[in-house]
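Accompanying notes for the structure given below.
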Amino acid sequence: MQSQALTLQQGHVAAVDQNGLVFAGFRPPLAVRDRVMVRDRRGRPLLAEVVSADGQLARAALFGEAEGLASGTRAESLPSQGLPVSTEWLGRVLDPLGRPMDGRPMPTSSLRRSPTRCAPPSPGVRQRLGAPVSLGVRAIDCFCTIREGQRLGLFAASGVGKSTLLATMARSTSFDVTVLAMVGERGRELREFLEDDLGAEGLRRSVVVCATSDAPAALRREATYAAMAIAEHFRDEGKRVLLLLDSITRFAHACREIGLAAGEPPATRGYPPSVFGELPAVLERAGPGAPGAGSITALMTVLVEGDDHDEPIADAVRGTLDGHVVLDRRIAESGRYPAVNVLRSLSRTVPGCQTRDQADLATRARRLLSLSDSVADLVRLGAYRVGTDPETDLALRLAPKIEVVLRQQKGEVGSLDDAFRALGEAMNDESP
């Protein structure tokens, strides 16, 4: 009975290559996003997802390796089931298909399955953003204050501290549940993050989904969808969810691999058109839920290749999110971490989540930092004399004190009030 319930139809593998499989013989023909199960020569089951269909033929991306598969291998289609998320998933490390990666038994499943592909809540009934929340990072709390349900991007080139900054945010106590997706990242970073950054207490209220850089493209893409489905499950239970996605660029790379293998023409810098459809489709699912539900506050890292902040993925993501934080290599090389460039970072919700005093303080500090930055070269060359302009003198005196506030050790987490109090003390200290 169980086999009959799961099997919809049968066909066979018509062709195999390193990029996926081609199926034939299914009646009716397979459709895009159908799941198909095949077995290799050792009898091990492998799952694939249809990514394109042409008449009786359907091309699918494998969630595993093609080794041991041959033409003529029998294939069975499976119903779309989603993920059986439950509270027993908290504290677990899973792959994008819900299989354990932490050496523990399969987590208890829920009777209700969360679809990995679904539409966001209707914009006409979706709740508005909630109250301001603290991410525990002073540079962001003061200059890019965010609200519950907001989506924020962390933009930086490699090696500037994106993952470390994300780890600091994972310690925030402003949320009920944390969902972390490691998409195409280094495998060694998983245990380091869990043990050194998240800690046992943080892991107890978290679900970690991992697909490392050596995983097939379909599995790396699915990691993002799985994490979103898990976050939506807890959001619908009324929880305040923090979704950490590292990184959305790797998700786009996986989509590119799948699209090109399916025969899509390369468009913008080698990315096929489908990538720019999948990005907003997944990003829009984060945010506030429908009335009576909770919210998903999403923080996503964006790898800016070659320090080009106008490259296609960064540009597309920035236009969809509710704000962006720019990490600057020059600041990192100066020894200040996190290397947030507050002059290039912004939160689109700041007018609605700061008090008048907080907004005035942040605006004044930003103006002084900008003025100090603009005359920095003149000061180094000795071309500026103290006393020439009182506002410039004040900026040169206070900018280093503001920089001290922005500097933060790894694991050092504070509240929103603490961040503005520290900034206010630096701004009020006008002694030479």
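The values are calculated or read from the model by the stated rules, or taken from the named source; none is laboratory data. Computed from a predicted model, the values in this text were never measured in an experiment. With ideal geometry, Cβ positions are generated from the backbone for all residues, glycine too; neighbour counts draw on all protein chains shown. Just so you know, the surface numbers come from the protein's heavy atoms only, side chains and all, with ligands and any DNA or RNA stripped out. Shrake-Rupley method; radii C 1.70, N 1.55, O 1.52, S 1.80 Å.
Among the numbered conditions (1) open to solvent by less than 30 Å² (accessible area, probe 1.4 Å); (2) in contact with a strand residue (DSSP E or B) (Cβ under 8 Å, 6 or more places away or on another chain), tell me where E148 comes up short.
Result: E148 passes all but (1).
With the range 240-357 as the region, which helices (runs of 4 or more DSSP H) entirely inside it contain at least 3 residues that are open to solvent by 10 Å² or more (accessible area, probe 1.4 Å) and under 22 Å from E185 (Cβ atoms)?
Numbers: elements: 248-261, 275-283, 312-320, 329-333.
So the answer is 248-261, 312-320.
Go through the range 163-174 and report how many residues are within 27 Å of P84 (Cα to Cα), open to solvent by 10 Å² or more (accessible area, probe 1.4 Å) and not β-branched (V, I, T).
Final tally of qualifying residues: 2.
Output yes when any residue across the range 318-332 is more than 23 Å from the chain's Cα centre (by Cα), assigned by the TED database to the domain that holds E305 and not aliphatic (A, V, I, L, M), and no when none is.
yes
Pull out all pairs, ordered by first then second residue, where Cβ-Cβ is under 8 Å, the residues are six or more apart or on different chains, the first lies in the range 376-391 and is more than 20 Å from R366 (Cβ to Cβ), and the second is open to solvent by 60 Å² or more (accessible area, probe 1.4 Å).
Close Cβ pairs satisfying both conditions: Y384/L378.
Can you find even one residue in the range 367-386 that is open to solvent by 90 Å² or more (accessible area, probe 1.4 Å), among the hydroxyl-bearing types (S, T, Y) and either out of contact with any Lys or Arg (no Cβ under 9 Å at 6 or more places or on another chain) or not assigned by the TED database to the domain that holds G153 (or both)? Even if it seems obvious, please write down each step before you answer.
Keep residues of the range 367-386 that are open to solvent by 90 Å² or more (accessible area, probe 1.4 Å), which gives 367, 377, 380-381, 385-386.
If we keep only those that are among the hydroxyl-bearing types (S, T, Y) as well, we get none.
Checked the range 367-386: no residue is open to solvent by 90 Å² or more (accessible area, probe 1.4 Å), among the hydroxyl-bearing types (S, T, Y) and either out of contact with any Lys or Arg (no Cβ under 9 Å at 6 or more places or on another chain) or not assigned by the TED database to the domain that holds G153 (or both).
Examine the range 400-422 for a residue that is open to solvent by 60 Å² or more (accessible area, probe 1.4 Å), in the same structural domain as H309 (by the TED database) and touching a residue at least 40 places away in the same chain (Cβ under 8 Å), and state whether such a residue exists.
No, the range 400-422 contains no residue that is open to solvent by 60 Å² or more (accessible area, probe 1.4 Å), in the same structural domain as H309 (by the TED database) and touching a residue at least 40 places away in the same chain (Cβ under 8 Å).
Scanning the range 380-392 for residues that are at pLDDT below 85 and part of a helix (DSSP H, G or I), which turns out nearest to the chain's Cα centre (by Cα)?
The extreme case among them is R380.
Return the residues of the range 113-153 that are of a type in the set (A, V, I, L, M, F, W, C) and under 30 Å from G411 (Cα atoms); say none if nothing qualifies.
L129, A131, V133, L135, V137, A139, I140, C142, F143, C144, I146, L152 - these are the residues of the range 113-153 that are of a type in the set (A, V, I, L, M, F, W, C) and under 30 Å from G411 (Cα atoms).
Name the single residue that is nearest to the chain's Cα centre (by Cα) among those in the range 83-118 being in contact (Cβ under 8 Å) with a residue 24 or more places away in the chain and open to solvent by 70 Å² or more (accessible area, probe 1.4 Å). It would help to see each step written out before you state the result.
To start, the set of residues in the range 83-118 that are in contact (Cβ under 8 Å) with a residue 24 or more places away in the chain comprises 83-86, 89-98, 101, 109-118.
Subsequent filtering for residues that are open to solvent by 70 Å² or more (accessible area, probe 1.4 Å) retains 101, 111-113.
On the way: M101: 20, L111: 28, R112: 25, R113: 22 Å.
Filtering the range 83-118 for residues that are in contact (Cβ under 8 Å) with a residue 24 or more places away in the chain and open to solvent by 70 Å² or more (accessible area, probe 1.4 Å), the one nearest to the chain's Cα centre (by Cα) comes out as M101.
Right, Q18: surrounded by fewer than 20 Cβ atoms within 10 Å (Cβ to Cβ), touching a Phe, Trp or Tyr at 6+ places or on another chain (Cβ under 9 Å) and not acidic (D, E) or not?
Criteria not met by Q18.
When both residues are 6+ apart or on different chains and their Cβ atoms are under 8 Å apart, which pairs have a first residue that lies in the range 181-209 and is surrounded by 24 or more Cβ atoms within 10 Å (Cβ to Cβ), and a second that is charged (D, E, K, R) and part of a loop (DSSP other than H, G, I, E, B)?
Correct list of pairs: V209/D95.
Go through V177, V160, V125 for me and flag whichever is more than 16 Å from the chain's Cα centre (by Cα) and either under 20 Å from P351 (Cα atoms) or open to solvent by less than 50 Å² (accessible area, probe 1.4 Å) (or both).
V160
Return the residue satisfying two criteria in turn: it lies in the range 175-194 and is in a loop (DSSP other than H, G, I, E, B) and modelled with pLDDT of 85 or more, and of such residues it is farthest from A293 (Cα to Cα). Explain how you work it out, then say what you get.
Filtering the range 175-194 down to residues in a loop (DSSP other than H, G, I, E, B) leaves 175-176, 184-188.
Among the residues that remain, those that are also modelled with pLDDT of 85 or more are: 175-176, 184.
Values: F175: 14, D176: 13, G184: 31 Å.
It comes out as G184.
Can you tell which of R59, R27 is open to solvent by 80 Å² or more (accessible area, probe 1.4 Å) and in contact (Cβ under 8 Å) with a residue 12 or more places away in the chain?
Going through R59, R27 in turn, just one is open to solvent by 80 Å² or more (accessible area, probe 1.4 Å) and in contact (Cβ under 8 Å) with a residue 12 or more places away in the chain: R27.
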